[in-house]
Amino acid sequence: MLILRKACLVYLANPKTASQAIRAMLGPHAERPEEARAKPHMNAGAYGRHWAARVTADLGKRPETLAVMRDPMDHMQSWFRYRQRDALLGHRNSTAGISFAQFVEDRLSDTPPPHAVIGRQDRFLGFIDGGPPVTHVFDYARLDLLVDFLQDRLGVALDLGMRNVSPRSGSASDLPEGLAARYRRAHRTEIALYELVAEKGHLITA
């Protein structure tokens, strides 16, 4: 969580959506409460329950929130690639030695193993299980819209350099059709939300 006092905005860092690069870009213009540093990927529900009231009191008015959403299948692929890195070899979260299809199977199981435990973006963004939803949701495929929006609200020039990019490995085309169909059913609300975000590039919910 980053508080952009001048813009009356709070950035919530959805994992695997260029969050490290966005935090680096916003660092000189943002505040990060010490208490929130232990939870760099605080979701909308947690923000609403534990932080919204105190940030509103501090700023003197209720801030808007913003976050980025990625195509759900691409989001899964990014997690799969990230957990294949050498630093995780031998760790229970490692995906080394398994296929992307097996990763998706594990993700869809009733009790996913540790390497397949990843969050849903519709939950992170507050559209299910507790909200309220993030005010401004930007498409990961159109980060230029995010940069333009923040430049306008902050009144400064910004440069987004990409960081922590995982090597390519695993794709939707690797999935058997039956498995792909199961994934689409299980994540239908997340997929529907992303389709709306992708259509607009910048979804405003309030």
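The values are calculated or read from the model by the stated rules, or taken from the named source; none is laboratory data. The structure presented is a predicted model; accordingly, all values stated were derived computationally and were not measured. With ideal geometry, Cβ positions are generated from the backbone for all residues, glycine too; neighbour counts draw on all protein chains shown. For the accessible areas, the whole protein counts, side chains as well, though only heavy atoms, and no ligand, DNA or RNA atoms are used. Shrake-Rupley method; radii C 1.70, N 1.55, O 1.52, S 1.80 Å.
Structure notes:
- When the chain is treated as a Gaussian network with alpha carbon springs shorter than 10 Å, the biggest mean-square fluctuation among ILE128, ILE98, ILE118 belongs to ILE98.
- Gaussian network model of the chain, springs between alpha carbon atoms under 10 Å - residue of THR189, THR56, THR95 with greatest fluctuation: THR56
- Candidates ASN93, ASN14, ASN43, ranked by Gaussian network fluctuation over the chain, Cα under 10 Å, top entry: ASN93
- Calculated from the alpha-carbon coordinates, region 1-82 shows an Rg and a Dmax of 13.3, 43 Å respectively.
- The shape of the chain can be summarised by an equivalent ellipsoid whose semi-axes, obtained from the alpha carbon gyration tensor, come to 30, 18, 17 Å from longest to shortest.
- Packing rank of 71-79, 109-117, where each peptide gets the mean count of other beta carbons within 10 Å, highest leading: 71-79, 109-117
- Counting DSSP beta bridges with both ends in the chain, the antiparallel % (nearest 5): 50
- Across region 19-134, the fraction of Cα-Cα pairs farther apart than 19 Å, rounded to a whole number, is 58%.
- Accessible area per residue in Å² at 1.4 Å probe, computed on region 76-206: 53
- The accessible surface of the chain, taken with every protein chain in place and a 1.4 Å probe, is 50 percent carbon and sulfur.
- Area accessible to solvent at ASP174, 1.4 Å probe radius, in Å²: 90
- Among the protein heavy atoms, those of LEU108 account for about 40 Å² of accessible surface (1.4 Å probe, every chain in place).
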